[in-house]
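Here is the structure we will look at, set down as structure tokens.
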Amino acid sequence: MTSPETAQKVRELQKSEPAAVWQWHVFCDAQADGIRDPERLPASLVTRFLSLHSSGVLVRMHLAADGMSKAVRQLQTTDPDTLRRWSGFCKSECHGILNPRHLPADLVHRFLLTNRVRPPSREPEDQVPRVTPELGWSLSSFHSGQGGSPRRSSVRGTPRTTSPRSRSQPN
């Protein structure tokens, strides 16, 4: 099991870098059957996460801005059913992370649009990094184990069961 000192490094990383919360949850869902307490995981697994993070392998995504976080909170206070929808959305799409400040902007934006709320203005669409492509390839090292060829992952961090058709293949 992981030493308390190594576990503390993960906790400190999550406090100092909000994106690390997302990265840790994705990593744990992909590699540790969803166990997120570093002290309950093998030291080699926790050390691997810290190595991947420090080497820059894990994608640094564009997190939800304060305006988006406030919009989610405001929606929750004005519509009693929104808290239930937000919890369900976070469970199914966000690895259980409830704090919008620790989530990629894409996901929070999608929730707001789905709930018919016009999100606060943000960067032009073409300048906001997308979760799917970056995250899919960032998890390739998690899924391939010892090198190997990268495997495409879904937004939730699990391997896709089918591969998308190649553009050169006929319909």
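So the values come out like this:
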| quantity | calculated |
| --- | --- |
| Residue count for segment 84-117, restricted to those that are surrounded by fewer than 15 Cβ atoms within 10 Å (Cβ to Cβ) and either modelled with pLDDT under 90 or not polar (S, T, N, Q) (or both) | 8 |
| Condition check for Glu39: in contact with a Ser or Thr (Cβ under 7 Å, 6 or more places away or on another chain), of a type outside the set (Ser, Thr, Tyr) and more than 17 Å from Cys94 (Cβ to Cβ) | yes |
| From the options Leu113, Leu98, residue that is assigned to a loop (DSSP other than H, G, I, E, B), farther than 15 Å from Ala20 by Cβ and outside the structural domain of Glu17 (by TED's automatic domain parsing) | Leu98 |
| Residues that are small (Gly, Ala, Ser), under 20 Å from the mean Cα position of the chain (by Cα) and assigned to a loop (DSSP other than H, G, I, E, B), drawn from segment 1-27 | none |
| Residues (among the charged types (D, E, K, R) and within 13 Å of Ala64 (Cβ to Cβ)) located in segment 94-116 | Arg101, Asp106, Arg110 |
| Yes/no for Asp81 being of a type in the set (D, E, K, R), surrounded by fewer than 20 Cβ atoms within 10 Å (Cβ to Cβ) and over 30 Å from Thr6 (Cα atoms) | yes |
| Residue ID - nearest to Ser3 (Cα to Cα), chosen from residues in segment 27-78 that are of a type in the set (Lys, Arg) and in contact with a helix residue (DSSP H, G or I) (Cβ under 7 Å, 6 or more places away or on another chain) | Arg36 |
| Any hit, segment 31-51, residues being touching a residue at least 60 places away in the same chain (Cβ under 8 Å) and among the hydrophobic types (A, V, I, L, M, F, W, C) | no |
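The values are calculated or read from the model by the stated rules, or taken from the named source; none is laboratory data. In this text, all values refer to a predicted model and were calculated from it rather than measured experimentally. Because the Cβ atoms are built from the backbone with ideal geometry, glycine has one as well, and the counts that use them run over all protein chains shown.
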